[in-house]
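To start, the structure itself, in structure tokens.
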């Protein structure tokens, strides 16, 4: 019987020839990760397990990115707890401020998430790594503690949904963000609950790695266990020179079984905006231009990569941010930041009036660096627009791609890039 | 175990940012988290919830972030269990891992109204609505999972087994 890429990776890590959806397995883990919000709880549980050491110092990653650089005393204590743990257990992949980036931008960049890997992370956007052809899923802190101790985790093998993007008649300014928002708009925030979302087709193959990371990053917003894209030459090019260990490329068999297959013509997809308070509330940007906004955020594990910043700079270069808009830009990692500096991207953004920050999750989850007041509206390239996500429970968040965000920062309302190009 | 309590009803797709907003995640102390549990959905909730009360909600309860702080906050607020039409995947696992009983029943989630008093038999999954004289059926957990919940979650359960 044929297997999907997700089934093949899980089977290989469980030491089985094959697995089928619904089967419970115990799988070996290639990487476990946590951040400054989830690690403190995981460390507390880890200590209760009475283990001397983590299962493998080279396969644990701890990244202070959520409320770091420390936003207040309590956050400083949480970061310190994680730092102390990392030092005590000689965790090799602890990233201090200055080397740190947003975890899901940083770890692929560092070659720590590789094709064929089985990864758990105490962060729901761990599914991002599916873009390199890994099985990667978010878990809570207790599961993470157990994974950190044993190097294993149990899983229920998920059914797979296939999203096949065909055609080459792209609307202008459409990217990975629009594809995934469009899908979530179609199937809903629980449309892929417990399932694997596999993205395929020439529409996906034609996209860059940065765009693919964006797509897999938001699989969780449809409730999925993981998002995944089989490796191709672009993936291997990305991994080359980064990989710190061996990896294996898996692909779905032609006769693999899917719970459902969605075939989507890329020509259907216009730049999208997700309205409050769920990512499924999507509309084309042309139907959203009446919404006046107070703040624009470009960054995050969803859209804080180099191409995202380049795209924003292309639109903002030589223009000015609207006088009633606060534009906040957060490069995903130090490497992205430096490259953007070298290319003049940061200069163009700052000249236009953007506030550029060191990498942090910051405003995406209402942590710091751009909290909203009562009644304020933000347009953001991040991934969630839940009630109170970026600040006051009566504030609103709209989600979009970096081009729409940049154009809107200029016009002071949600705008299509066509309006300023 | 039998859980009996007064219900608090919420809608569908209740996300973990609503259960415990990230602005309070600079601590992981259960009591501190409990003080803000569900406050963005109902500011009165943390103040008025009583020991043993039950949360009832629609589909996809606990969607969004993987923060284990969400079930921790609910449990520390005194809530004895959550009944929903369905649960988001990570929340489902987290709730069991920290020993918060959860029950899936679309019928119960639909018919129970705010303030109803209900009684749940964990072993059989039978939910009795004492206020309305109705009975609903949830799928009960297998015995090992009931033990795990009773132990207070995965870690104490594993530690307890290791000690035997």
Which ones in segment A:109-130 are in a helix (DSSP H, G or I) and crowded, with 24+ Cβ neighbours inside 10 Å?
A:124, A:125, A:126, A:127, A:128, A:129, A:130
Just checking, does segment B:62-73 include any residue being in contact with a strand residue (DSSP E or B) (Cβ under 8 Å, 6 or more places away or on another chain) and in a strand (DSSP E or B)?
yes
Tally of residues being closer than 22 Å to residue A:279 by Cβ, within 14 Å of chain B (Cβ to nearest Cβ), free of Cβ contacts under 8 Å to residues at least 40 places away in the same chain and out of contact with any strand residue (DSSP E or B) (no Cβ under 7 Å at 6 or more places or on another chain) across segment A:334-381
0
Any hit, segment A:51-62, residues being in contact with a strand residue (DSSP E or B) (Cβ under 6 Å, 6 or more places away or on another chain) and either surrounded by fewer than 15 Cβ atoms within 10 Å (Cβ to Cβ) or at pLDDT below 95 (or both):
no
Can you list the strands (runs of 3 or more DSSP E) found entirely within segment A:15-100 that contain at least 3 residues being more than 14 Å from chain B (Cβ to nearest Cβ) and touching a residue at least 12 places away in the same chain (Cβ under 8 Å)?
A:24-28, A:60-63
Restricted to segment B:66-125 and to residues being away from chain A (no Cβ under 14 Å) and in contact with a helix residue (DSSP H, G or I) (Cβ under 6 Å, 6 or more places away or on another chain), the residue surrounded by the fewest Cβ atoms within 10 Å (Cβ to Cβ) is B:122
Take residue B:12 and tell me if it is more than 19 Å from residue B:150 (Cα to Cα) and either within 12 Å of the chain's Cα centre (by Cα) or within 10 Å of chain A (Cβ to nearest Cβ) (or both).
yes
Exactly one of A:165, A:199 is closer than 26 Å to residue A:29 by Cβ, modelled with pLDDT of 95 or more and more than 10 Å from every other protein chain (Cβ to nearest Cβ), and that residue is A:199
Of the residues A:232, A:294, A:246, which is farther than 23 Å from residue A:343 by Cα and touching a helix residue (DSSP H, G or I) at 6+ places or on another chain (Cβ under 9 Å)?
A:232
Of those in segment A:392-421 that are buried (at least 24 other Cβ atoms within 10 Å of the Cβ) and within 14 Å of chain B (Cβ to nearest Cβ), the residue farthest from the chain's Cα centre (by Cα) is A:397
Residue pairs within 8 Å by beta carbon, gap of at least six or interchain, first lying in segment A:289-303 and at pLDDT 95 or above, second surrounded by fewer than 17 Cβ atoms within 10 Å (Cβ to Cβ), listed first then second, are A:289/A:419; A:292/A:412; A:293/A:412; A:294/A:324
In the list A:143, A:190, A:178, which residue meets the criterion of being in contact with a strand residue (DSSP E or B) (Cβ under 9 Å, 6 or more places away or on another chain), in a helix (DSSP H, G or I) and at the interface with chain B (Cβ under 10 Å from one of its Cβ atoms)?
A:143
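The values are calculated or read from the model by the stated rules, or taken from the named source; none is laboratory data. Only a predicted model underlies this, so the values are computations on that prediction, with no experimental measurement involved. Here Cβ is always computed from backbone atoms with ideal geometry, including for glycine, and neighbour counts include all displayed protein chains.
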